[in-house]
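Remarks on the structure that follows.
Just so you know, all these numbers are worked out from the coordinates, no wet-lab data involved. Not measured: the values here are computed from a predicted model. We place every Cβ from the backbone using ideal geometry, glycine too, and count neighbours over all the protein chains shown.
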Amino acid sequence: MSAGSVFAGRRRNLIELTGHEPILTREFHTVESTLSLANVSRQIIVPLFSRLRTSRGQANPLPSYQELRRLGEVFPAPWGGYLVTSHRLCHQVLRDRSWRVPDLHWRLSQDDAARWSSPASRQMAASLPMLNPPDHTMMRKSLGNIFDRHALARLRPFIEDTADRLTGRFFEEAREGSAEFCSIVADELPVITIGQWMGLPEADHGLLRTLTHDQVHTQELFPSRSQLALSDAATAQLRQYFTEVVRERRNRPGEDPISSWLRAWDSIEPDRARADAAVHSLALFMILAALETTSHVLSASVRLLADRPHEWEWLRRHPEDVPGAVEETLRYDAPIHMISRVASRDCEVGGVLVREGEMVQLMTGAAHHDPEHYADPHVFDIHRAQAHLSFGGGIHYCLGNALARLEATALLNSLLKRDARPRISAPPRWEPRIAFRRMTSLQLALG
């Protein structure tokens, strides 16, 4: 069988999976291991990912993850590259500095320009999570330790007050019967927090939230052309918005982070246009990183606890255990269920040869329920004291992890000190994605 016929087979697999003509790359150059599991790929993996890519599949992805783990720790994906399902190997790849993120150089080397060279994809490639050393080293150094304990101590009163205000609004509406938690609280707290920190006008928060939801499509596993067009349009608006913000801070600097980054880049980059471009990329990255993922952590923690009244009452009596509940939420239902890495050289992962330039997709959502690593992984246990992979690892460990934890802790504390306990009054609704989790509706009543 020729490589061309294998590529055609991958296209058929993706049409089955997505329901549309796929945006497909030929970034994977070896086909031997793919051929060895061709039938398994078509008969098992494609239906599994088709299921995961629906709202119903997102409502409970754990059965699909269990089926994926049965196929092994690492195996070829029918669309190319490899899927990694075990905690052991996901952790190993994330911490190994020889693995790279799919940066601009890698994206421009792919045949499919519509997918990897789109404006949204190129913008993501310029952001901190998609940079490799030495570019990543310079960009990261310019940020400094932005969320150290002193910065968090300054933010904590504002976050706690905002959480109290938002939960108060939620309880007022819920007393009329039920209220939708995501739009009232979970989507609001992150954008208010990061907007306050960056000095962005409150009137712009709604626009930034909407654009962030639209932009994330370019980071998904199988974006359609219409989704990429939506992502490109959102990226263009975000680029214009932050170009104006950087220009305004350049003209009227203050004590905000954007002004601080301008001063840092002016000290290392003599070209002012290049310095402004770097700060623009940082500001855009902060919004994209802070909203979508944190919103999920907030809604997921409330969903999981509202469904478990014994744990809710325990936390009410033992608020010191709230951080543990946040950590278990991050394990049980992380905001990102798939992370991509690219091999910088020929190597082995779990005994499988991965060639230089090939991609592995780390199924961290499956790894967080790996029974080889976690006892009773299907149980939501707020007393579990084990680390997770929700913030990545190595040099790309999430910069805002402490801020996300602070927001989630403040929110749960605010809810727990109220007399009434929320309960789920209608099935939650989910965005049909694979990598980035997003609950679009969490209807709660007061029990």
Take the Cα of E244, step 7 Å along the line toward its Cβ, and report every residue of region 191-219 whose backbone nitrogen sits under 14 Å from that point. 200-208
Quick calc, the chain, dipole around Cα centre from Cβ unit charges on Lys, Arg (+) and Asp, Glu (-), nearest 20 debye, gives 400
Roughly how many Å is it from the Cα centre of region 227-303 to that of region 50-86, as a whole number? 33
Counted neighbours (other Cβ, 10 Å), sorted fewest up, put S118, S224 in the order S224, S118
What's the magnitude of the charge dipole for region 223-291 around its Cα centre, counting Lys and Arg as +1 and Asp and Glu as -1 at the beta-carbon? Answer in Debye, nearest 20. 120
Test of understanding: what is the full-extension gain from D135 to S183, defined as 0.36 nm times their sequence separation minus their Cα-Cα distance? 13.6 nm
Please give the length that would be gained between D346 and D112 if that part of the chain were fully extended, namely 0.36 nm times their separation in residues minus their C-alpha to C-alpha distance (nm, one decimal). 81.9 nm
Give me the Debye-computed log₁₀ of I(q)/I(0) at q = 0.06, 0.11 Å⁻¹ for the chain, equal point scatterers on Cα only, no solvent, two decimals. -0.25, -0.89
Label R252 and F158 with points 7 Å out from Cα along Cα→Cβ: what is the distance between them in nm? 1.7
How large is the convex hull of the Cα atoms of region 322-440 per residue, expressed in Å³ as a whole number? 141
Rounded to the nearest 0.05, what FRET efficiency do A385 and Q237 have when you use their Cβ-Cβ distance and R0 = 45 Å? 0.55
May I ask which residue of G394, A306, W79 lies farthest towards the positive end of the charge dipole of the chain, with charges of +1 (Lys, Arg) and -1 (Asp, Glu) on Cβ and the Cα centre as origin? W79
Virtual spin-label span in nm between A203 and S224, 7 Å along Cα→Cβ: 3.6
Consider all pairwise Cα distances in region 226-382 and report the whole-number % of them above 29 Å. 49
Determine ³J(HN,Hα), in whole Hz, for all residues of region 121-137 in sequence, where each value follows from phi through the Karplus function 6.51 cos²θ - 1.76 cosθ + 1.60 and θ = phi - 60°; x replaces Gly and Pro. 5, 5, 5, 4, 5, 8, 8, 3, x, 10, 9, 10, x, x, 4, 4, 4
At 0.36 nm per residue, and after removing the present C-alpha to C-alpha distance, how many nm does the segment from E67 to I268 gain when stretched out fully? 67.3 nm
For the residues R433, R250, R88, what sequence is obtained by ranking on other C-beta atoms within 10 Å, fewest first? R88, R250, R433
Determine the calculated [θ] at 222 nm for the chain from helices alone, applying -39500 (n - 2.57) to every DSSP H run no shorter than 4 residues and normalising by the residue count; nearest 500 deg cm²/dmol. -16500 deg cm²/dmol
Going from the alpha-carbon gyration tensor of region 277-337, what semi-axes, largest first and in whole Å, does one get by taking the root of 5 times each eigenvalue? 31, 11, 8
What residues qualify as long-range amide H neighbours of L83, i.e. H under 5 Å apart, gap of 5 or more or another chain, H built at 1.01 Å from N? F75, A77, Q361
For a quick protection proxy, order the peptides 399-405, 312-318, 68-74 by their average other-Cβ count within 10 Å, most packed first. 399-405, 68-74, 312-318
Would you order H296, H213 from fewest to most other beta-carbon atoms within 10 Å of each residue's own beta-carbon? H213, H296
Here D for region 117-274, in µm²/s, from Stokes-Einstein with a Kirkwood Rh over Cα pairs at 4 °C and 1.567 mPa s, works out to 72
Grab the beta carbon distance between Y397 and R175, set R0 = 41 Å, and tell me the FRET efficiency rounded to 0.05. 0.50
Net charge near R341 (other residues with Cβ under 9 Å of its Cβ; Lys, Arg +1; Asp, Glu -1) is 0
Step through the residues of region 93-105 one at a time and calculate ³J(HN,Hα) from phi using the Karplus curve (6.51 cos²θ - 1.76 cosθ + 1.60, θ = phi - 60°), rounding each to whole Hz and writing x for Gly and Pro. 5, 4, 8, 7, 6, 6, 7, 10, 8, x, 7, 4, 4
Would you mind giving the average projected area, over all directions, of the Cα convex hull of region 190-242 in nm² with one decimal? 3.8
